[in-house]
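Participant: Quick one: this structure, given as structure tokens, is what I'll be asking you about.
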Amino acid sequence: MTVGAAGPELLYTPDPARVEHAAIQGYLRWLRADRGLDFGSFAALHAWSVGETAAFWESVWQYFEVKAHTPYDTVLVERAMPGTQWFPGATLNYAEHCFGDPEDIDTVAVVAHSQTRAPLELTFGELAEQVRRVRAGLVRLGVRRGDRVAGYLPNCPETLIAFLATVSLGAIWSTCAPEFGAPSVIDRFGQLDPVLLFAVAGYTYGDRAVDRRDEVAAIRAALPSLRHVVHVPYGDLTLPEAVSWTEVAAATDESLTFEPVPFEHPLYILFSSGTTGLPKAIVHCHGGILVEHLKNHAFHWDLGPGDRLLWFTTTAWMMWNSLISALLLRASIVMIDGNPLFPDLREQWRLAEATGATLMGASPGYLMSCRKEGVRPAEEFGLTRLRQLGVAGSPLSAEGFRWVAEQFGNRVLLNVGSGGTDVCTGLIQGSPLQPVWAGEMSGASLGVDAKAFDDDGDIVIGDVGELVLTAPMPSMPVAFWGDTDGKRLRDTYFDRYPGVFRFGDWCRFSAEGSCVITGRSDATLNRGGVRLGTAEFYRTLQDVDEITDSLVVHLEDRDGGMGRLLLFVVTRGGTPVGDELRAALVTLIRGALSPRHIPDDIVGVPALPYGRTGKKLEVPVKKILQGAAPETVASPGALTDPTALDAFVDFARNRAVR
């Protein structure tokens, strides 16, 4: 183990009076009373959660009183990865846990805001009734356990209802957001052979109407396994030759029941970004998602009865699945569909005020834009119920941490996390019991044995390394769909460190346990042996007024030389990158990073490529600059702006000519 020197800057210390009412305290009291376990600190609790893996996850199961139709024989067959088996013998159903208790029947479960139609609310009782009807409709249409049901749907209540109805049957759910083009959807759903497709004919984004009828027709034609297409009414358009939602949700006498399935039975299939090759179809299971999200949402996100979660997401991102799981804890959710910046930058804060959110999620880019534009959310909006601000999707700079602290003081916990589709949860994040350090996530989540490894597989602290998991957790993928021999899964996660799950991020842990994600490990900048994460590069440039966005790529030399470092910037107003700006950037980078990281070229581009989940696509750009054809590295339908790669294709072509 190697240890670096400097420690992080402490920014926030938990207030004992506020901590006393946190949801995790109930669990700690239960551990003391029921198990005789008393932990004096979060660090001690975390050490137990990863050292006694089976005991910890059994305590989660029992504390939340998971509804099992048959009991488990043991918690964990073995810790070895891959191939870990959790809670064998148990049968359950995720959907059964999403409708609250009988006393919650009149409590609001869903608040929906959309730019396509007026706001609406559903109580837990109304949600259960709608799921009961749609479940019966699916049975009439021949959907059975193990069938795949797909959704080409926005973040609206019908999507939630269709999802819960599907998985209550033991059928398997998968969804794509309707902003995806047909080729990207076909790349995903074409792997699954779905028997039924829920789809909208169109939607409204900001003040712009979007017609998706041609896309649905193309998707339908490319999926011969489809027996039915169900039109979900959303706006004024309709789908031809489709079963109506009204017909599927017709009145019926059937009761709402739940198919008992094994712990590892597929719940839903999520997809990797799909920017480099065919997207990986990641299978998550009923039991793994259930126990992980109960743990995560209560102990880290501090959710419980009476709370409300607002987190803008589309159905293409695993945050949609996490949003839905707030219902497991009898908390309510805000479902937002449309342009999150319409009519202006303050709209998400307005929604948090109007809906009484206790936890609001935001992207680092959104918070930094609010900082730059002078938004003062605590002063401008009535956010008195807000206790926690969650941040995910990409790293947040220390300046972003400080801005949140300036706005909310010690009243709101800033919980910056990192995880992903592969585990459908947060791996590194905070909790009500942990301090917050400027620019750093508070530490590994409970039950997550996260470390940084060097090239030799040794733990490093204070220096950057590969983010790995050295113990199994229940929400790890059970499989990739269609990967019958498991080779693709092993090659993805276990290719480098046998028996250790490699996540693909480049990170640095401090001696205190806090963590910084510095970028994807396959996009790390390695100039003359000095490694630097791309996130550190972007943080250096974030306060340059003339620049609104940036992307950096290192093209390595095959002979081990310095290679070529290219910085692409989007300038305010599209102005050219002149000598004065270029010189200022060189000076800034030399002082903040190192002379080795001064770019060989600084190039202005009109836009940068982002995936539908908001991630900057560094690796596809790098491959294009190395000579790959753009269609082989990124599907246009997987990009928020399909034209964003054009400037990089032109740059690569001109560079090759020279």
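The values are calculated or read from the model by the stated rules, or taken from the named source; none is laboratory data. Since we're looking at a predicted model, the values are computed, not measured. No Cβ is skipped: glycine too gets one built from the backbone with ideal geometry, and neighbour counts run over all protein chains shown. We work out accessible area using only protein heavy atoms, side chains counted, and drop any ligands, DNA or RNA first. Shrake-Rupley method; radii C 1.70, N 1.55, O 1.52, S 1.80 Å.
Participant: Identify, from the list GLU264, GLU259, the residue that is assigned to a loop (DSSP other than H, G, I, E, B), within 25 Å of ARG145 (Cβ to Cβ) and touching a strand residue (DSSP E or B) at 6+ places or on another chain (Cβ under 8 Å). Let's see the steps before the verdict.
Facilitator: Working: GLU259 fails: touching a strand residue (DSSP E or B) at 6+ places or on another chain (Cβ under 8 Å).
Exactly one residue qualifies, and that residue is GLU264.
Participant: List pairs: first residue in segment 501-512 and closer than 15 Å to SER272 by Cβ, second residue outside any strand (DSSP E or B) and open to solvent by 50 Å² or more (accessible area, probe 1.4 Å) anywhere in the structure, Cβ distance under 9 angstrom, at least six positions apart or on different chains.
Facilitator: ARG502/ASP495; ARG502/ARG496; GLY504/ASP522
Participant: Still on this model: Anything in segment 239-272 that is among the hydrophobic types (A, V, I, L, M, F, W, C) and either within 30 Å of TYR72 (Cα to Cα) or loosely packed, with under 15 Cβ neighbours inside 10 Å (or both)? List them, or say none.
Facilitator: Step one: of segment 239-272, the residues among the hydrophobic types (A, V, I, L, M, F, W, C) are 239, 242-243, 245, 248-251, 256, 258, 261, 263, 267, 269-271.
Across segment 239-272, the qualifying residues are ALA250, ALA251, LEU256, PHE258, VAL261, PHE263, LEU267, ILE269, LEU270, PHE271.
Participant: Looking at segment 576-588, is at least one residue surrounded by fewer than 16 Cβ atoms within 10 Å (Cβ to Cβ), touching a helix residue (DSSP H, G or I) at 6+ places or on another chain (Cβ under 9 Å) and closer than 17 Å to LEU541 by Cα?
Facilitator: Yes: one or more hits.
Participant: With the requirement that a residue be assigned to a strand (DSSP E or B) and surrounded by fewer than 17 Cβ atoms within 10 Å (Cβ to Cβ), what does segment 490-503 give you?
Facilitator: We begin by selecting, within segment 490-503, every residue assigned to a strand (DSSP E or B); these are 501-503.
Within segment 490-503, none qualify.
Participant: Now, a different point. Just give me the residues in segment 417-433 being open to solvent by 10 Å² or more (accessible area, probe 1.4 Å) and within 17 Å of GLU512 (Cα to Cα), in sequence order.
Facilitator: Selection gives GLY417, PRO432, LEU433.
Participant: Let me ask you something else. Could you list all residues from segment 338-392 that are acidic (Asp, Glu) and under 24 Å from VAL436 (Cα atoms)?
Facilitator: Residues of segment 338-392 that are acidic (Asp, Glu), as a first pass: 344, 347, 353, 373, 379-380.
Correct list: GLU379 only.
Participant: OK, next. Could we say that ARG590 is in contact with a strand residue (DSSP E or B) (Cβ under 9 Å, 6 or more places away or on another chain), modelled with pLDDT under 90 and over 21 Å from PHE651 (Cβ atoms) here? Before the answer, list the steps.
Facilitator: On the way: in contact with a strand residue (DSSP E or B) (Cβ under 9 Å, 6 or more places away or on another chain): no; modelled with pLDDT under 90: yes; over 21 Å from PHE651 (Cβ atoms): yes.
No: the conditions fail for ARG590.
For every residue, the table says whether it meets (1) over 30 Å from GLU259 (Cβ atoms); (2) in contact (Cβ under 8 Å) with a residue 60 or more places away in the chain; (3) surrounded by 13 or more Cβ atoms within 10 Å (Cβ to Cβ).
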{"residue": "GLU20", "(1), (2), (3)": "yes, no, no"}
{"residue": "TYR27", "(1), (2), (3)": "no, yes, yes"}
{"residue": "ARG32", "(1), (2), (3)": "yes, no, no"}
{"residue": "HIS46", "(1), (2), (3)": "yes, yes, yes"}
{"residue": "THR53", "(1), (2), (3)": "no, yes, yes"}
{"residue": "GLU58", "(1), (2), (3)": "no, no, yes"}
{"residue": "ASP73", "(1), (2), (3)": "no, no, no"}
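Participant: Scan segment 640-650 for residues that are surrounded by 15 or more Cβ atoms within 10 Å (Cβ to Cβ) and closer than 15 Å to VAL570 by Cα and jot them down.
Facilitator: Within segment 640-650, ALA644, LEU645, ASP646, ALA647, PHE648 meet the criteria.
Participant: While we're here: Residues in segment 78-93: is at least one closer than 20 Å to ALA444 by Cβ and not hydrophobic (A, V, I, L, M, F, W, C)? Walk me through it before giving the result.
Facilitator: First pass over segment 78-93, keeping only residues closer than 20 Å to ALA444 by Cβ: 79, 81, 84, 86.
Keeping just the survivors that are not hydrophobic (A, V, I, L, M, F, W, C) gives 79, 84.
Yes, there is a match, as at least one residue in segment 78-93 is closer than 20 Å to ALA444 by Cβ and not hydrophobic (A, V, I, L, M, F, W, C).
Participant: List the pairs whose first member sits in segment 318-337 and is within 11 Å of ALA109 (Cα to Cα) and outside any strand (DSSP E or B), whose second member is open to solvent by 10 Å² or more (accessible area, probe 1.4 Å) and at pLDDT below 95, and whose Cβ atoms are under 9 Å apart, counting only residues at least 6 apart or on separate chains?
Facilitator: LEU327/GLY100; ARG330/GLY100; ARG330/ASP101
Participant: Let me ask another. What's the total number of residues in segment 221-233 that are open to solvent by less than 50 Å² (accessible area, probe 1.4 Å), not in a loop (DSSP other than H, G, I, E, B) and not aliphatic (A, V, I, L, M)?
Facilitator: As a first pass, look at segment 221-233 and keep what is open to solvent by less than 50 Å² (accessible area, probe 1.4 Å): 222-223, 225-226, 229-232.
This time we only want the ones that are not in a loop (DSSP other than H, G, I, E, B), so: 222, 229-231.
Subsequent filtering for residues that are not aliphatic (A, V, I, L, M) retains 231.
Count: 1.
Participant: Might you check whether a residue that is within 19 Å of ARG144 (Cα to Cα), at pLDDT 95 or above and among the small types (Gly, Ala, Ser) occurs anywhere in segment 223-231? Talk me through it step by step, then tell me what you get.
Facilitator: So the first thing to find is which residues in segment 223-231 are within 19 Å of ARG144 (Cα to Cα), and the list is 223-230.
Add one more test, that the residue is at pLDDT 95 or above, and what stays is 223-230.
Subset that is among the small types (Gly, Ala, Ser): 225.
Within segment 223-231 (the criterion being within 19 Å of ARG144 (Cα to Cα), at pLDDT 95 or above and among the small types (Gly, Ala, Ser)), the answer is yes, since at least one residue qualifies.
Participant: Among the residues of segment 346-364, which ones are assigned to a loop (DSSP other than H, G, I, E, B) and either crowded, with 22+ Cβ neighbours inside 10 Å or modelled with pLDDT of 95 or more (or both)? Working first, answer last.
Facilitator: Just the residues of segment 346-364 that are assigned to a loop (DSSP other than H, G, I, E, B), to begin with: 346, 356-358, 363.
Correct list: ARG346, GLY356, ALA357, THR358.
Participant: So in segment 593-606, with the set limited to residues that are part of a helix (DSSP H, G or I) and open to solvent by 80 Å² or more (accessible area, probe 1.4 Å), which one is modelled with the highest pLDDT?
Facilitator: PRO595
Participant: Next question. Among the residues of segment 95-147, which ones are in contact (Cβ under 8 Å) with a residue 60 or more places away in the chain, closer than 26 Å to ASP236 by Cα, under 27 Å from the mean Cα position of the chain (by Cα) and in a loop (DSSP other than H, G, I, E, B)?
Facilitator: Scanning segment 95-147 gives GLN115, THR116, ARG117.
Participant: So, one more: Among the residues of segment 75-88, write down those that are at pLDDT 95 or above and in contact with a helix residue (DSSP H, G or I) (Cβ under 8 Å, 6 or more places away or on another chain).
Facilitator: Passing the criteria: VAL75, LEU76, TRP86, PHE87.
Participant: Here's another thing I want to ask about it. For segment 162-201, name all the residues that are open to solvent by 10 Å² or more (accessible area, probe 1.4 Å), at pLDDT 95 or above and either over 19 Å from VAL243 (Cβ atoms) or outside any strand (DSSP E or B) (or both).
Facilitator: Result: LEU169, GLY190, GLN191, ASP193, VAL195.
Participant: Still on this structure, I have one more. Would you confirm, using the coordinates I've provided, whether VAL552 is more than 30 Å from PHE189 (Cα to Cα), of a type in the set (Val, Ile, Thr) and more than 30 Å from the chain's Cα centre (by Cα)?
Facilitator: Working: more than 30 Å from PHE189 (Cα to Cα): yes; of a type in the set (Val, Ile, Thr): yes; more than 30 Å from the chain's Cα centre (by Cα): no.
No; evaluated as a whole, the condition is false for this residue.
Participant: Can you report the number of residues in segment 522-537 which are surrounded by fewer than 22 Cβ atoms within 10 Å (Cβ to Cβ) and either of a type in the set (Val, Ile, Thr) or modelled with pLDDT of 75 or more (or both)?
Facilitator: So the answer is 2.
Participant: Just to check your reading of the model, which residue among ASP236, ASP337, ASP307, ASP302 is open to solvent by 40 Å² or more (accessible area, probe 1.4 Å) and not aromatic (Phe, Trp, Tyr)?
Facilitator: Working: ASP337 fails: open to solvent by 40 Å² or more (accessible area, probe 1.4 Å); ASP307 fails: open to solvent by 40 Å² or more (accessible area, probe 1.4 Å); ASP302 fails: open to solvent by 40 Å² or more (accessible area, probe 1.4 Å).
Every option except ASP236 fails the conditions.
Participant: Only one residue in GLY390, GLY400 is open to solvent by less than 20 Å² (accessible area, probe 1.4 Å) and in a strand (DSSP E or B). Which one?
Facilitator: Values: GLY400 fails: in a strand (DSSP E or B).
Among GLY390, GLY400, only GLY390 is open to solvent by less than 20 Å² (accessible area, probe 1.4 Å) and in a strand (DSSP E or B).
Participant: In this structure, is ALA656 modelled with pLDDT under 80 and in contact with a Ser or Thr (Cβ under 9 Å, 6 or more places away or on another chain)?
Facilitator: Numbers: modelled with pLDDT under 80: yes; in contact with a Ser or Thr (Cβ under 9 Å, 6 or more places away or on another chain): no.
No: the conditions fail for ALA656.
Participant: Would you say ALA209 is open to solvent by 30 Å² or more (accessible area, probe 1.4 Å) and either touching a residue at least 12 places away in the same chain (Cβ under 8 Å) or touching a helix residue (DSSP H, G or I) at 6+ places or on another chain (Cβ under 6 Å) (or both)?
Facilitator: Details: open to solvent by 30 Å² or more (accessible area, probe 1.4 Å): yes; either touching a residue at least 12 places away in the same chain (Cβ under 8 Å) or touching a helix residue (DSSP H, G or I) at 6+ places or on another chain (Cβ under 6 Å) (or both): yes.
Yes; evaluated as a whole, the condition is true for this residue.
Participant: Something else now. Of all residues in segment 407-461, which are assigned to a strand (DSSP E or B) and among the β-branched types (Val, Ile, Thr)?
Facilitator: Within segment 407-461, the subset assigned to a strand (DSSP E or B) is 413-416, 418-420, 425-428, 436-437, 440-441, 444, 450-453, 459-461.
Scanning segment 407-461 gives VAL416, THR425, ILE428, VAL436, ILE459, VAL460, ILE461.
Participant: In addition: State whether one or more residues within segment 279-295 are touching a residue at least 12 places away in the same chain (Cβ under 8 Å), within 14 Å of the chain's Cα centre (by Cα) and in a loop (DSSP other than H, G, I, E, B).
Facilitator: No, the conditions are met nowhere in segment 279-295.
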